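Chemist: Below you will find the structure I want to go over with you.
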Amino acid sequence: MANINMNLDQMDKLLGVVSAKLGVSKESLRKDLEQGKFDNAIKNMKPADVAAFNQMVSNPKMLEKFLSTPQAQALYNKLTKG
């Protein structure tokens, strides 16, 4: 299974990209995510997508499976230019 661990620089870079797309500060997004609050990240999503997202993040095995997919890896690489 793919290793989904990121170093702090990669995480910071990814947070910067996502926060810019969402129009929120990186610090605010980091705090919300660390506290398990995904409201800022999902407020513009369709209700069905929000339900699927919530189901995935509440199941560690499902989340790990998702993050190990080639599509998720490609998205991560695209967002972080890595």
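Chemist: Among (1) 1.00; (2) 1.09; (3) 1.17, which is the computed Cα Rg over 2.2 N^0.38 Å?
Modeler: (2)
Chemist: Work out how much length residue 65 to residue 77 would gain on full extension: take 0.36 nm times their residue separation and subtract the Cα-Cα distance, in nm to one decimal.
Modeler: Numbers: separation 12, 0.36 × 12 = 4.32 nm, distance 1.71 nm.
Separation in residues times 0.36 nm, less the Cα-Cα distance, equals 2.6 nm.
Chemist: Here's something else I'd like to know. Enter the accessible area of residue 27 (Å², nearest 10), with the probe set to 1.4 Å and all protein chains included.
Modeler: 120
Chemist: Shifting gears a bit: Within the accessible area of the chain, what % is carbon and sulfur when the probe is 1.4 Å and the other protein chains stay in place?
Modeler: Roughly 57 percent of what the probe reaches on the chain is carbon or sulfur.
Chemist: Then there's this: Given the DSSP H assignment, sum -39500 (n - 2.57) over each helix run of at least 4 residues in the chain and divide by its residue total; what's the result at 222 nm in deg cm²/dmol, nearest 500?
Modeler: Calculated from helices alone, the mean residue ellipticity at 222 nm is -20500 deg cm²/dmol.
Chemist: Please report the relative contact order for the chain, taking Cα pairs under 8 Å with a sequence separation of at least 6, and give it as a percent rounded to a whole number.
Modeler: Values: 35 pairs, mean separation 30.1, N = 82.
Rounded, it is 37 percent for the chain.
Chemist: What net charge is computed for the residues neighbouring residue 16, neighbours being all others with C-beta under 13 Å from the C-beta of residue 16, Lys and Arg scored +1, Asp and Glu -1?
Modeler: For residues surrounding residue 16, the net value is +2.
Chemist: If you don't mind, another one. Keeping every protein chain present and rolling a 1.4 Å probe, give me the accessible area per residue for the chain in Å².
Modeler: Spelled out: the 1.4 Å probe surface of the chain, per residue, equals 76 Å².
The values are calculated or read from the model by the stated rules, or taken from the named source; none is laboratory data. Treat the numbers as computed from the prediction; the structure is a model and nothing was measured. FYI the Cβ positions are ideal-geometry reconstructions off the backbone, even for glycines, and counts take in every protein chain you see. Side chains are part of the model used for accessible areas, which takes the heavy atoms of the whole protein and leaves out ligands, DNA and RNA. Shrake-Rupley method; radii C 1.70, N 1.55, O 1.52, S 1.80 Å.
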